[in-house]
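Working notes for the structure below.
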Amino acid sequence: LGYFFRGSGAFFIKRSFNKERIFPVVFGQYVRLLIREEIPLEFFIEGGRSRTGKLLPPKVGMLRMVMDAGADMRPERVLSVLPIAISYEQIAEEKTYARELSGAKKERESIAGVLRATKVLKKRFGKVYMRVGEPIRLNEIIASLEKPWQDLSSDRRREVLQEVAERIMFGIGQNMLILP
């Protein structure tokens, strides 16, 4: 599937940059290039959902790279994040969730499982709802800080990132539909 995803503009990153020295620097520069060229990025800050559909705490690594790139932009440029909520009328894993809620262990994901799941793609699962929240203008947040982004302490940057991530998560939650 990688061939098709890359053909549509997707790129793959490691889940963690721990113990890496070169990859995060190169990838950060790539994100800066994409932002400078005004290429839209899609990433999932919530880091997933629980098995019950509850949003998990935000992951801020990609947001950090976007904020770093935004700090290098000309002040008149606009850099926005759109909180987007995607809700499904019915989920493909419904029977699996029911088994797990009744005490069964969660099965490990595998290539074989993905291949077996292709049957699921032929079934109808109802409607998909996509709702977009109010844009969060990162350039305005960066401009409103007491110091330039690069001059902030790492603790202060982490604090700002957490605040922005929580605003994004709130925007997603505000637009999430409650479905049966």
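The values are calculated or read from the model by the stated rules, or taken from the named source; none is laboratory data. Nothing here was measured: the structure is a model prediction, and the numbers come from that model. Reconstructed Cβ throughout: ideal geometry from the backbone, glycine too, with neighbour counts over all protein chains shown. Only protein heavy atoms, including side chains, enter the accessible area calculation; ligands, DNA and RNA are left aside. Shrake-Rupley method; radii C 1.70, N 1.55, O 1.52, S 1.80 Å.
Listed values, structure above:
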quantity: Heavy-atom SASA rank of Asp155, Asp68 (probe 1.4 Å, accessible area, largest first); calculated: Asp155, Asp68
quantity: Theoretical gain in end-to-end length, Met73 to Thr96 [0.36 nm per residue, Cα-Cα removed]; calculated: 3.7 nm
quantity: Relative contact order, percent, the chain [alpha-carbon distance under 8 Å, six or more residues apart]; calculated: 29 percent
quantity: Reported label for calculated Cα extents along the principal axes in Å given (i) 52, 35, 30; (ii) 112, 30, 30; (iii) 53, 38, 28; calculated: (i)
quantity: FRET efficiency, Val120 to Leu179 (Cβ-Cβ, R0 25 Å, nearest 0.05); calculated: 0.85
quantity: Pairs from Lys19/Lys59; Lys95/Lys122; Lys19/Lys147; Lys14/Lys105; Lys54/Lys106; Lys19/Lys54 whose Cα-Cα separation, in the structure shown, is over 24 Å; calculated: Lys19/Lys147; Lys14/Lys105; Lys19/Lys54
quantity: Exposure of Ser144 as accessible area (Å², to 10), given a probe of 1.4 Å and all protein chains; calculated: 90 Å²
quantity: Under the Karplus curve 6.51 cos²θ - 1.76 cosθ + 1.60, θ = phi - 60°, whole-Hz ³J(HN,Hα) for the range 115-125, x wherever Gly or Pro sits; calculated: 5, 5, 6, 4, 4, 4, 5, 7, 8, 9, 10
